[in-house]
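Peer 1: So that we are looking at the same thing, I have put the structure below in structure tokens.
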Amino acid sequence: SVVGPSPTTLPCLPSFPIVGSLLSLGGTTPPHLLFTRLGCKYGGLFGLYLGPHYTVVINNFKHAKEILLRKGKVFAGRPHMVTTALLSRDGKDIAFADYSPLWKFHRKLVHSAFTMFGEGTSKLETIVCQEASSLCSFLMDNLETPLDPGLGLSQAVTNVVCALVFNSKYQPGDSELQSVMDYTSGIVETIARGSLVDIFPWLKVFPNKDLKKLNKCIQVRDELLTQKLEEHKATYCMSETRDLMDALLTAQRGPMESRGLEETSFSDDHVLMIAADAFGAGVETTATTLKWMIAFLLHHPEVQKKIQQEIDEQIGWNRHPGLSDRRLLPYLECTLNEVLRIRPVAPLLIPHVALENTSIGEHVIPKGTRVVVNMWSIHHDPREWEDPDSFIPERFLDSKGQRFSPPAFIPFGAGPRVCIGESLAKLELFLFTSWLLQHFSFFCPPGAPLPNLEGRYGVVLQPQSYRVCVRSRHDWRTKNKE
Ligand code: HEM
Ligand code: PLO
């Protein structure tokens, strides 16, 4: 038998109602910061009750690694939450679905679909470059005018995901695109309002007005999705997979029993919700990271200059950046990493659940325990990072000027629940930022304040809206006319 320290229970916060109300009732401290602060007092690992739910918060990298990787399968469950159940028709998607063979099958399916008609070929590169080019034209028409960068960025990223998921594209000003952007911001504002871990007695803390709004937005989204599904079914052809939706339809028609799944288990609801997940995650995360990137560049013009210098030296003016230039622009890649470190899109990941009685370190963890990994605290841990609160892209370079990835850098999570859009996101971030910084310099509109870097915590950590001006670095127009 194994002799080791006898198992102990975790330090647990005594007065959870106070914490609970801080989380849910508009306390001004967002939960990732509150948990980080509580970590200083209670240690890297502590328990608390959120409503009736025993929840363990992990603030340090060592234990995060244990539950995400070493015991990844044991902790691969997801909790039932009121708003996310509404969003995903009771977990018929991937992100909010509890662990099951069907979930595993769906994850693999989306993964391989993305690889097949996206990452694996140059098609995705072409799609992203087209959108980057449209975005640059839009900015060319709006030089030196203060504008909200979110609009152009969201539209560009939406079109990339639209191509992948629905094989379609919106023209600027399309009313359907406007309605997609409206319902998305409506969902982001109301889903798990305040925090994904916030599961306090809902009807009391969740204003009815918000619930109504969420339902309305979901309804608009579902009508749109259903229409896409019908269109796809009508034009479906087994031999040609045009997009993710086709790949899902093909799998739905394939033999289920041979996979150990029931014949009827892959419903139209699943197809819709998986497409909705890919679409929602694909747009919101990438657009948010790009907004953070520009906000930090406004604060750090020296970083912007250095990236532009790298682009000028390695690529110049006569051609556009492509995927094969990634290794030529290490400083840009380091800056993107630094943005993902200092402002992780999902600072608390999505809560995990222990699927059986288990342990973390020497502590006993009963089946059903919710586990929140505080990536924010891991990305700001002074034991892992020098001067963690400062924006220093060079920290991702080693002494020889080569890129390296510190172990405590986990912006996409890790293990069985790791993000399935990681390579897609990295590809988009690289192409969009390299195109933008080849063409333009970003600066703060005269008289306007620098963007607030604090962030609004919601289902994703977003910057507060800000305005930016762009200046062309080169007379592209004249050049094209020549
Ligand atoms: C899950 C980060 C882009 C699809 C996650 C998780 C994180 C994350 C931290 C949660 C991991 C966990 O709970 O342990 C990011 C970041 C992105 C990004 C930082 C961009 C900068 C994308 C894109 C897509 C996507 C582009 C798809 C098109 C998903 C899905 C899940 C997920 C479906 C749920 C996986 C599961 O529960 O099994 N992502 N993501 N993400 N992401 Fe991403
Ligand atoms: C974004 C708004 C959409 O309308 C619905 C949606 C679906 C999937 C969610 C995404 C939203 C937010 C970011 C999430 C993603 C699944 C994985 C991703 C939570 C709510 C992250 C970063 O974990």
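The values are calculated or read from the model by the stated rules, or taken from the named source; none is laboratory data. This structure is a prediction, so every number in the text was calculated from the model and none was measured. Cβ sites come from the backbone with ideal geometry, for glycine too, and all protein chains shown count toward neighbours.
Peer 1: If I go through the stretch 251-267 residue by residue, how many of them are in contact (Cβ under 8 Å) with a residue 24 or more places away in the chain and surrounded by fewer than 14 Cβ atoms within 10 Å (Cβ to Cβ)?
Peer 2: Kept after step one, since they are in contact (Cβ under 8 Å) with a residue 24 or more places away in the chain, are these residues of the stretch 251-267: 251, 259-261, 265-267.
Now restrict to residues that are surrounded by fewer than 14 Cβ atoms within 10 Å (Cβ to Cβ): 260, 267.
The total comes to 2.
Peer 1: Sticking with this structure for a sec: Starting from the stretch 426-445, keep only residues that are within 12 Å of Ser472 (Cβ to Cβ), then list their pairs with residues that are of a type in the set (Phe, Trp, Tyr) and part of a helix (DSSP H, G or I) whose Cβ atoms are within a distance under 6 Å, requiring at least 6 positions of separation or different chains.
Peer 2: Short answer, once both residue conditions are applied: none.
Peer 1: So, one more: With the condition kept exactly as written, say whether any residue in the stretch 268-285 is within 30 Å of Ser112 (Cβ to Cβ) and surrounded by fewer than 16 Cβ atoms within 10 Å (Cβ to Cβ).
Peer 2: The answer is yes; a qualifying residue exists.
Peer 1: I'm trying to understand the selection: among the residues of the stretch 267-324, which are in contact with a strand residue (DSSP E or B) (Cβ under 8 Å, 6 or more places away or on another chain) and over 19 Å from Asn452 (Cα atoms)? Step through it out loud before you land on a result.
Peer 2: Step one: of the stretch 267-324, the residues in contact with a strand residue (DSSP E or B) (Cβ under 8 Å, 6 or more places away or on another chain) are 288, 291, 294, 297-298, 301, 304, 308.
Gln308, the sole residue that qualifies.
Peer 1: Right, something else. Go through the stretch 75-95 and give me each residue that's of a type outside the set (Lys, Arg), farther than 23 Å from Ile360 by Cα and either modelled with pLDDT of 95 or more or assigned to a loop (DSSP other than H, G, I, E, B) (or both).
Peer 2: Within the stretch 75-95, Met81, Ser88, Asp90, Gly91, Asp93, Ile94, Ala95 meet the criteria.
Peer 1: Tell me the residue from Trp385, Trp376 that is at pLDDT 95 or above, aromatic (Phe, Trp, Tyr) and surrounded by fewer than 23 Cβ atoms within 10 Å (Cβ to Cβ), please.
Peer 2: Numbers: Trp376 fails: surrounded by fewer than 23 Cβ atoms within 10 Å (Cβ to Cβ).
One residue alone meets the criteria, Trp385.
Peer 1: Among the residues of the stretch 350-365, write down those that are closer than 23 Å to Glu384 by Cβ, at pLDDT 95 or above and either over 20 Å from the mean Cα position of the chain (by Cα) or in a loop (DSSP other than H, G, I, E, B) (or both).
Peer 2: The first filter runs over the stretch 350-365 and keeps only residues closer than 23 Å to Glu384 by Cβ, leaving 350-352, 360-363.
If we keep only those that are at pLDDT 95 or above as well, we get 352, 360.
Scanning the stretch 350-365 gives a single hit, Ile360.
Peer 1: A further question on this structure: Within the stretch 35-54, can one find any residue that is surrounded by 18 or more Cβ atoms within 10 Å (Cβ to Cβ) and within 20 Å of the chain's Cα centre (by Cα)?
Peer 2: No; the residues of the stretch 35-54 include none that is surrounded by 18 or more Cβ atoms within 10 Å (Cβ to Cβ) and within 20 Å of the chain's Cα centre (by Cα).
Peer 1: If you don't mind, there's one more thing I want to ask. Just checking, how many residues over the stretch 407-431 are within 22 Å of Leu461 (Cα to Cα) and either in a loop (DSSP other than H, G, I, E, B) or among the hydrophobic types (A, V, I, L, M, F, W, C) (or both)?
Peer 2: Looking only at that region, the number is 16.
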